[in-house]
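Have a look at the structure below, then the notes.
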């Protein structure tokens, strides 16, 4: 059965010249793997506007799956996120200077939404391809969590059958030349995101394996 | 106004001989600071049973505030947790050999509950006392998150006015002699927990300062 | 002017199935870049024998430059080493079960030898190619430091004009699937080693730029 | 037999308001443990001048042992250093604005000197007192390594029977309030330095146990 996956990447933020999330997904735009078509779009790293742009893109592309990708500088692994929380709490200003502190994303929205893509299956498939991956239980409180929550709330509000998720990726090496931080190559990240998209398109349900964290 | 704060610490787990959460809170048992009385109890590091024991202790002590403390080996800071999620996903077995994978803590419970103690105010007060502290947005998926969710669900179910929260603490030095891991001294942790208890007892509301994370 | 560079990689050790140092250098065997010919050989991860094998290889290939490469699992960067010390102190047994403790590599040898390849120039050239790199001031006390000291002592004893050095490299991603450790892609490491070899062949002298460490 | 140990700590540097090395050793000034008398002095964090001041202090106090202590912000453990190298390579300016790059400390001096205090015995005694400790094989290339090399060269030049060494210590908690870095409490560091001084005074020879590093 044909499936369409919308992949989004962000604009650079926080002083970086590039954002590996956009560098990765743009390479996948238009790819068709088996019956899965990948579409890639860029999202502004801005509270509010990011979700508005995403909603428009979802209506335009009418995908079966939406996976937003974001940079998590300092992480070692590609990390599918488990849960989005209803909280904006910006450590730094976004790309339009907004810096909300302890504000709900959606007034009277639920405290949190679960990802509806099979995160453990995605992690396992990445690892089988020698890509360092693990499940994360926090997407932070910046625009990454914001768009993830916004996406899941849109799906809930519109009673849509779309499944949605968010994946954080590490820096790529060129970003770490003058920092002490881990990285993964862009090629590895592109492969990881492709595996995530195809896995999410093919499987509704997750697998039952160990993957939690003690804290 | 007199207030009572129930502090809980866990049994050792994961191969450790001690649990710094219990070592810390037991030193505070019976302390009265201004009008705030501290009571300390130990909780088994066991899914299910930990929450049952906690509920009994809450009924017995009738506290105004409950703060559960747990060990987060590898963290640098004392970290008040922002949110508890409705998920058991054990990377290791608990102290009775249970290892739930991707199970809800409370069937049909909400995805998550917020802490109702003033976490940023607690962090600021710790930092003013030279104690490394920051807000955390994940309590993991083991017994620590389990009891935190169980506590907040109990408060919600019983429409209680109790305020509740969870604080993760690092290893203490004696646990790191043969590991590469950071630690804080037990004295520092005891002081930090005391500050948290008194701050939570005195203030319902939180302060409005930067404290989020980009991921 | 034609130059020959002998590159060595080690056998896997410490429970790893591969050693990225050998995976990298074997890809460069036989390459000729401008007038620089690269030769790659594998060395046993064994005290004593490693140096004996290296001496034989040097006599056989008659190179202008020798650069030994070794795995430094846990490091973020490719790190040319500044100094070799006259000490074997094995935290784990080598591949033949030897575990020397606090023994000199060469009786009455000097405490240490400097690298004679231009380490800062190599680091700068790697960084210009977007490869995370920095100078290291310790090669440890296992077989990596052993062969580095053995190489420099051989050059000193034989009054040879060969220039020598040692470069530590991080894990590659497939080694970190089940560990919390940084990695660089094999392609990045291969490029880094090639840059090191060509830079060392073309330049005797180093550049004068900041690159030290406070500790 | 009576012994005197001279302990030195540095001035703050690198933007810090305090230096835990001085905070620690000044608490030990004048202490007598069994037959071991401790004397503490502060040293300027300045290339050249630090060694000149140290030589004067050695002549003034006439100690049996000299142990210089320095801050290694970012390290987890108290780390007795194994080896001092003949190199100044300053990543940042010292407290008088000097920033030497790749210069020898002593012209025609040996590449390196070994510590002559029993570093593994010191580490073991610290660990028995629940103090995280391990041997380090690099003291860096800043003023810490500079004074360590200067001390050992002075001892060699003057054919002195003094034994000398250097110990790096982590930050203390108050320095890490606004950084992501590990720390040890000042009390733990004071105890560790005292153990080092007494151990060095009582034992010329080291113990034969595993303590090396693979890199």
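Of the strands (runs of 3 or more DSSP E) lying entirely inside the range A:52-155, those containing at least 1 residues that are buried (at least 24 other Cβ atoms within 10 Å of the Cβ), within 8 Å of chain B (Cβ to nearest Cβ) and modelled with pLDDT of 95 or more span A:65-71, A:83-85.
Of all residues in the range C:173-185, those satisfying the criterion of being within 7 Å of chain A (Cβ to nearest Cβ) and part of a helix (DSSP H, G or I) are C:173, C:174, C:176. For residue D:188, are the conditions met, namely being surrounded by 17 or more Cβ atoms within 10 Å (Cβ to Cβ), more than 14 Å from chain C (Cβ to nearest Cβ), more than 15 Å from the chain's Cα centre (by Cα) and in a helix (DSSP H, G or I)? So residue D:188 fits the description; yes. Only a single item in (1) over 21 Å from residue A:65 (Cβ atoms); (2) touching a residue at least 60 places away in the same chain (Cβ under 8 Å) is not met by residue A:100, and it is number (2). Scanning the range D:194-207 finds one or more residues that are over 19 Å from the mean Cα position of the chain (by Cα) and either farther than 28 Å from residue B:131 by Cα or within 11 Å of chain C (Cβ to nearest Cβ) (or both). Residues that are within 16 Å of the chain's Cα centre (by Cα), closer than 18 Å to residue B:96 by Cβ and touching a residue at least 40 places away in the same chain (Cβ under 8 Å) within the range B:10-21 comprise B:10, B:11, B:13, B:19, listed in sequence order. Name the residue that is surrounded by the most Cβ atoms within 10 Å (Cβ to Cβ), counting only residues in the range A:156-172 that are more than 14 Å from chain B (Cβ to nearest Cβ) and either in a loop (DSSP other than H, G, I, E, B) or modelled with pLDDT under 95 (or both). For the range A:156-172, the residue satisfying everything is A:172.
For the range C:1-22, the set of residues classified as at pLDDT 95 or above and buried (at least 20 other Cβ atoms within 10 Å of the Cβ) consists of C:5, C:6, C:7, C:8, C:9, C:10, C:19, C:20, C:21, C:22, listed by residue number.
The values are calculated or read from the model by the stated rules, or taken from the named source; none is laboratory data. From a predicted model like this one, the values you see are computed outputs, not experimental measurements. Cβ: placed from backbone, ideal geometry, glycine included. Neighbour counts: every protein chain shown.
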